[in-house]
Amino acid sequence: MKRILFSICLFVGLASVSMAQSAQYESVMAKNVAMLDDSTNFNPDRLLEIGNTFERIAAAEKTQWLPFYYASYCYVMSAFMQRDNDKVDDLADKAAVNIEQAEAISPKNDEINCIKSLVATSRIRVDPQTRGMKYGMESAELLVQANQINQENPRVYMLQGQSLFYTPEQFGGSKTEAKKKFETALAKFSTFKPASSIAPHWGEAYTKGLLAQIK
């Protein structure tokens, strides 16, 4: 009987600790995800700070993919904003390491493929002439894979539209086709429900901004 009571107490104790840790994780993640929803934090230096925080969370929560995901998101978005191209590859490398760790925890994940696509795209700006074809094809294929995993993810269509929007027409870009992708993305955003309060939900305002630029 004593052994049974001890086992029950141990189980309850461990469950309580686990619930407390889970609540703490959710709380700190929610705080930092909210920072990414604040446009005032969208500058290269601030994104690096937030990315570093997500990396620290990831180090403590090794079985959770979202901290690695958001760390990668912060680094790749900072890479896009850098004025100095010499900094882009280092940031893309950091983003790649984190998103690979996220993928190891959560394989065949459409959201992860979207970030991997962004990482590939970020490398193009360093030298578009020599890198455009390689990384452009890699980025596009990752979005095709993401769409195969989840056809309802609005970020897939948004990123496909972004590629068409910024690619010159002689290399396959098209504002007309980009508009179609943005409109599809917004239709998907209207019904999209994140899996949780800390699950990926970014992109709607950005999509509207790009669509507004197409006459």
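Listed values, structure above:
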| item | result |
| --- | --- |
| The chain, accessible area per residue, ligands and nucleic acids excluded (1.4 Å, Å²) | 57 Å² |
| Crossing angle, helix 44-60 versus the chain [Cα axis fit, 0-90 degrees, rounded to tens] | 30 degrees |
| Whole-number percent relative contact order across region 153-195, with pairs defined as alpha carbons under 8 Å at least 6 apart | 47 percent |
| Projected area averaged over orientations for region 77-161, convex hull of C-alpha atoms, nm² | 5.4 nm² |
| Check: the chain dipole with +1 on Lys, Arg Cβ and -1 on Asp, Glu Cβ, in debye | 420 debye |
| Taking region 63-165 and dividing mean pair separation by its residue count, relative contact order in percent (alpha carbons under 8 Å, at least six apart) | 26 percent |
| Magnitude of the charge dipole, region 91-195, Cβ model with Lys/Arg +1 and Asp/Glu -1, debye to 20 | 240 debye |
| Between region 21-37 and region 166-185, the Cα center-to-center distance that results, in Å | 35 Å |
| Of K87/K116; K180/K208; K108/K193; K31/K193; K175/K208; K134/K181, those spanning more than 21 Å from alpha-carbon to alpha-carbon | K134/K181 |
| Relative contact order [Cα under 8 Å, 6+ residues apart], the chain, whole percent | 13 percent |
| C-alpha long axis of helix 128-149 to longest principal axis of the chain, angle in ° | 50 degrees |
| Prolate/oblate/rounded label for the chain (Cα gyration tensor, a/c 1.5) | prolate |
| Acute angle (nearest 10 degrees) that the helix 154-166 long axis makes with the longest principal axis of the chain, alpha-carbon atoms | 30 degrees |
| Sum of -39500 (n - 2.57) over DSSP H runs of 4+, divided by residues of the chain (222 nm, nearest 500) | -25500 deg cm²/dmol |
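The values are calculated or read from the model by the stated rules, or taken from the named source; none is laboratory data. If you're wondering where the values come from, they're calculated on a predicted model, not measured in any experiment. Here Cβ is always computed from backbone atoms with ideal geometry, including for glycine, and neighbour counts include all displayed protein chains. The area values use the complete protein model at the heavy-atom level, side chains included, leaving out ligands, DNA and RNA. Shrake-Rupley method; radii C 1.70, N 1.55, O 1.52, S 1.80 Å.
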